[in-house]
Amino acid sequence: MIRNLIVFTIILISLDARAQQARRPVDYVCPLAGTQTSRWFFFNTATRPFGMVNLSPDTRLGGDWNNGYLYGDTTIKCFSHIHCWQLYGLAVMPFTGTPKGHLGTDAYQSVFSHDQETVQAGYYSVDLKTYHVKAELTSTTRVGMHRYTFSKDSVPGIYFDLCATLMDKIQSANLRKVSEAELEGSVTMAPTYRRPKPFTVYFTAQFSQPIKFLGKWRKGEVLNENADTISGKDIGAWVTFDKTARPILMKVALSYTSIPASRTNMVAELPHWDFDRVVRESQNDWNAWLSRIEVSNENQDLKKRFYTDLWHALQGRRIISDVDGAYPNNTGASTRTKYTLKDNHGRPFPHYNFDAFWGAHWNLSLLWGLAYPEVVDGFCNTMLDLYRNGGLIPRGPSGGNYTFVMIGDVASPFMGSAYQFGIRNWDAELAYQGLRKNAFPGGIRSHAGYEHDMKNPRGGGIDYYIKRGYVPEGIEGEGMHKDGAAMTLEYAYQDWCLSEFAKALGKKTDAELFAKRGQNYKNIWNPATGYMHPRNLDGTWIKDFVPVSQNKEFNTLGFCESNSLNYSHYVPQDPKGLIKLFGGEKKYVARLDSQMIKGEGQRFMVPHGQHGTAYGDFENEPALGIPYMFNFAGRPDLTQKWVRTIKSALFTNITPEDGYHGDEDQGMMGAYSVLMAIGLFDFQGGAALKPTWQITAPVFDTVKIHLNKDYYKGGSFMIVSSRKDKNDCYIKRATLNDERIKTPWFYHSQLINGGELKLELSDLPAKNPL
């Protein structure tokens, strides 16, 4: 009896172990993490990596913040196909009973429960209680696929609320019935504050069953006409099907260039009607991308957080080009179709729509450069597309045009690091020409945030920067984020990135010029206060200066979404020089350690919009590099301590309430968390002539990075950690390919050759730290 019980127990343990082993990276993704608060583009489910289609339920409409899908809501207003930086469109909703689409989303929304909801990477399903309909969603890159299972004897119907306000308003739309099972049309998004021009998405919708009736409405009134077309403002339509049609399948292909192109995308990506096959293929696709970094650990929650973070880092910034490389150029008087260049395999590069890479040098640039270099190539080519079309390399394009989001020239560290990493399938000479233009009046640095004036932009303050070596407060010009001290610090770092890029291209004179400008950070250092201190137009220091605010201001004067306390460490190009300004290593370490202790009391974050109050705001970009500064002050043990402390406190949970906070910024915080989890980072953003990787303790026992052989010939890079306790975070000993490392970093060139980094971890700092 006892023997049988032992055997049975062993079998159960074995089965459980096999079940755990059988779980794939995609199975760990938790799309609901952080959805209690959400931005329009935040929630993802039925989408592919960087997919044009992000087919998701919307529980709130009419804004960028706290909009889209929010976990605490109890009704779904519609399903829409586009959740992107300043892009939105094509709301649909299955229904039964008397049509009331003309009354708006509040009238036809449906109650739902999370108990009858399945949310996975590549698949979403929910029971719409109001209509007794099971809705299921999946997608390819450019085609959304729906499966609606209606209750018995009900009349199946689907609304096309063409002009529903989603993130923002729709300017106009049109729809035409092409055949008994196909519709086509377009939806034109109205201009927004950030995207100053209208932008059109085209679609083709096909059904698995013949349409029995096409109804239409305009301005809240049902139209009693038999026409197969409708166009204009405030319009919508619905289709119904025979009662016996079970289930109803629908495919909706998108394009930003034309209706025929949307149909071509459909033929190329989804010519069949096998819904379950698309779900499998979507999840296999995600799994292939996520498996670029394999991790092992007994803690399953760590894996959930890791692959959810990695999943976030591979979307949000979305493809807007067709399968043949056609994309919309909206930089001129009207939208024109252009075509992307082709990669080394003869495939068209994707053309992307994306928010600024503001702060990406401490997250996406590093992660993509490490594990997804082909993605970096795609974004570099997109930025060059914009340069050829409109004359400027952008810092955040949307709708085929410039948005001038945030500040500075964030393309310089992005493209600079790409080149230094060896990711070079783009025209580096042309890029340098554009980046150099951006560093002078008339370039992107002339523009403040959302300053759309193309003739005489002044809000970026680049004229002052060149003449004085800093940007003062109170400068002329329109736009947001006219924060002179932050601009000065970011411009100086970007200048250094250009200097390193110029060195690599053999441009000695420019390298010297931009290296000298990279020292401009010293021009806003005030020895009397011991901080980076904003200056007035007359050159004097601003009065009533506080390094950290106590009254929940959006920021302290001069600092973009931050404060002097955090921005005073923003010198990636010259950390040793910065430490000297603080009075040397000991004084710097004492100051920074004290700041981190106070930051821990705030859980290393403050609510979005209260960044000026933060002692260490690690859910917003300006502070992300701070804990790595200890490495340059002779205390790598404190970098190791605080990186693990921040990771444990802020980037561990995967619940809707506590997954992400504030502004996740299209994968930036997810990427930052991934880098912390694997123990690799570069404070200089990968932009140095010889990039390095700084080492901290991974949270996993093993990390295996599969290197893209088209870029890196090493095959794979392993990080193996030995520890007595899961919380051990101090590096006692490190070897790279069996050779002892005596520094807290190694070269990128060593990583891409493949090999193994072995770390012996301890609960106590080493006597002779790396």
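Of HIS661, THR613, VAL643, which is farthest towards the positive pole of segment 586-689's charge dipole, taken about the Cα centre with +1 and -1 on the beta-carbons of Lys, Arg and Asp, Glu respectively?
Result: VAL643.
Give the Kirkwood hydrodynamic radius (Å, one decimal) of segment 612-662, defined as one over the mean of 1/r across all pairs of different Cα atoms. Please list the in-between numbers first.
Numbers: mean 1/r = 0.0831 Å⁻¹.
It is 12.0 Å.
About its Cα centre, what dipole magnitude does segment 206-273 give when the only charges are +1 on Lys and Arg Cβ and -1 on Asp and Glu Cβ, stated in debye to the nearest 20?
Values: 9 positive and 6 negative charges, 23 e Å.
That gives segment 206-273 a dipole magnitude of about 120 debye.
Could you pull out which residues in segment 70-107 have an amide N less than 17 Å from a spot 7 Å beyond the Cα of GLU657, following the Cα-Cβ vector?
Output list for this probe position: 70-74.
Based on the alpha-carbon gyration tensor of segment 104-188 and its eigenvalue square roots a ≥ b ≥ c, which shape applies: rounded if a/c is under 1.5, prolate if not and a/b is larger than b/c, or oblate?
Values: a/c = 1.45, a/b = 1.41, b/c = 1.02.
Rounded shape, in that the Cα axes give a/c under 1.5.
Ignoring everything except DSSP H segments at least 4 long, calculate the 222 nm mean residue ellipticity for the chain; use -39,500 (n - 2.57) per segment, divide by total residues, nearest 500. Display every interim value, and only then the final one.
On the way: 18 runs with 209 residues, N = 770.
Counting only the DSSP helices, I get -8500 deg cm²/dmol.
Where the only charges are on Cβ atoms (+1 Lys, Arg; -1 Asp, Glu), what is the dipole of segment 104-168 about its Cα centre, to the nearest 20 debye? Write out the running numbers ahead of the final one.
Numbers: 5 positive and 8 negative charges, 53 e Å.
Charge dipole of segment 104-168: 260 debye, to the nearest 20.
By its C-alpha gyration tensor, with a ≥ b ≥ c as the square roots of the eigenvalues, how is segment 155-287 shaped: rounded for a/c under 1.5, else prolate for a/b larger than b/c, else oblate? Walk me through the numbers before you get to the answer.
On the way: a/c = 1.93, a/b = 1.12, b/c = 1.73.
The shape class here is oblate.
Express the Stokes-Einstein translational diffusion coefficient of the chain in µm² s⁻¹, to the nearest whole number, given a Kirkwood radius over alpha-carbon pairs, 10 °C and a viscosity of 1.306 mPa s. Don't skip to the answer; put the middle values down first.
Numbers: Rh = 27.1 Å.
D, rounded to a whole number, is 59 µm²/s.
I need the phi-derived Karplus couplings for segment 747-757: 6.51 cos²θ - 1.76 cosθ + 1.60, θ = phi - 60°, integer Hz, Gly and Pro marked x.
7, 4, 4, 6, 5, 6, 7, x, x, 9, 9
Taking the chain as the reference, fit the longest principal axis to its C-alpha atoms, fit the long axis of helix 484-504 to the helix C-alpha atoms, and give the angle between the two in degrees, 0 to 90, nearest 10.
Tilt relative to the chain: about 80 degrees.
Could you tell me the largest-minus-smallest coordinate of the C-alpha atoms of segment 437-476 on each of the three principal axes, in descending order and whole angstroms?
Dimensions of segment 437-476 along the principal axes of its Cα atoms: 24, 23, 14 Å.
Efficiency by 1/(1 + (r/R0)^6): what FRET value for SER258 and THR645, r their Cβ-Cβ distance, R0 = 56 Å, to the nearest 0.05? Could you put the intermediate results ahead of the total?
Details: r = 53 Å, r/R0 = 0.94.
Taking R0 as 56 Å, the efficiency between SER258 and THR645 is 0.60.
Over segment 366-514, what is the relative contact order in whole percent, taking alpha-carbon pairs under 8 Å and six or more residues apart? Display every interim value, and only then the final one.
Values: 239 pairs, mean separation 30.2, N = 149.
The value is 20 percent.
So what J values fall out for segment 606-614 if you push phi through Karplus, 6.51 cos²θ - 1.76 cosθ + 1.60 with θ = phi - 60°, rounded to Hz, Gly and Pro as x?
My calculation for segment 606-614 gives 9, x, 4, x, 10, 5, x, 8, 8 Hz in order.
Using the Karplus curve 6.51 cos²θ - 1.76 cosθ + 1.60 with θ = phi - 60°, what ³J(HN,Hα) values do you get for each residue of segment 78-89, in whole Hz, with x for Gly and Pro?
Taking θ as phi minus 60°, the curve returns 5, 10, 10, 8, 10, 10, 8, 4, 6, 10, 6, x Hz for segment 78-89.
With a cut-off of 8 Å between alpha carbons and a minimum separation of six or more residues, what is the relative contact order of the chain in percent?
Working: 1857 pairs, mean separation 82.6, N = 770.
Taking the mean separation of contacting Cα pairs over the length of the chain, I get 11 percent.
With the crude spin-label approximation of a point 7 Å out along Cα→Cβ, what separation in nm comes out for GLU512 versus ASN226?
8.3
Identify, among LEU757, TYR712, PRO769, the residue whose Cα sits farthest towards the positive end of the charge dipole of segment 697-770, taking +1 on the Cβ of Lys and Arg and -1 on the Cβ of Asp and Glu, with the dipole about the Cα centre.
Selected residue: PRO769.
Using only the heavy atoms of the protein chains and a 1.4 Å probe, how would ASP738, ASP495 rank by accessible area, largest first?
Working: ASP738 125, ASP495 0 Å².
Order by accessible area, largest first: ASP738, ASP495.
Nearest 10 degrees, 0 to 90: what angle lies between the long axis of helix 585-601 and the longest principal axis of the chain (Cα atoms)?
30
Charges at C-beta only: +1 for Lys and Arg, -1 for Asp and Glu. How large is the resulting dipole of segment 531-672 about its Cα centre, in Debye rounded to 20? Don't skip to the end; give the middle numbers.
Working: 14 positive and 17 negative charges, 160 e Å.
Computed about the Cα centre, the dipole is about 760 debye.
Would segment 619-729 count as rounded, prolate or oblate if I go by the C-alpha gyration tensor, calling it rounded below 1.5 in a/c and otherwise prolate when a/b exceeds b/c, oblate otherwise? Present the calculation step by step, with values, prior to reporting the outcome.
Values: a/c = 1.25, a/b = 1.21, b/c = 1.03.
Note, shape of segment 619-729 comes out rounded.
In segment 439-524, with Lys and Arg counted as +1 and Asp and Glu as -1 at Cβ, which of these residues, GLN519, SER446, GLY506, has the Cα nearest the positive end of the dipole, that is, farthest along it?
Looking along the dipole axis, the top candidate is GLY506.
If I fit a long axis through the Cα atoms of helix 259-269 and take the longest principal axis of the Cα atoms of the chain, what angle between them do I get, 0 to 90°, rounded to 10?
80
Considering only DSSP beta bridges where both residues belong to the chain, give the percentage that are antiparallel (nearest 5).
Details: 114 of 120 bridges.
Of all bridge pairs located within the chain, approximately 95 percent are antiparallel.
For segment 708-759, what does the relative contact order come out to in percent, with C-alpha contacts under 8 Å and a separation of six or more? Intermediate results must be reported in sequence, preceding the final value.
Numbers: 62 pairs, mean separation 29.5, N = 52.
Worked out over segment 708-759, it gives 57 percent.
Give me, ordered by chain and number, the residues 5 or more places off GLY558 or on other chains with an amide H under 5 Å from its own placed amide H.
GLY484
The values are calculated or read from the model by the stated rules, or taken from the named source; none is laboratory data. All values reported here derive from a predicted model rather than from experimental measurement. Heads up, the Cβs are rebuilt from the backbone with ideal geometry, glycines too, and the neighbour counts pull from every protein chain shown. Note: areas computed on protein heavy atoms with side chains; ligands, DNA, RNA excluded. Shrake-Rupley method; radii C 1.70, N 1.55, O 1.52, S 1.80 Å.
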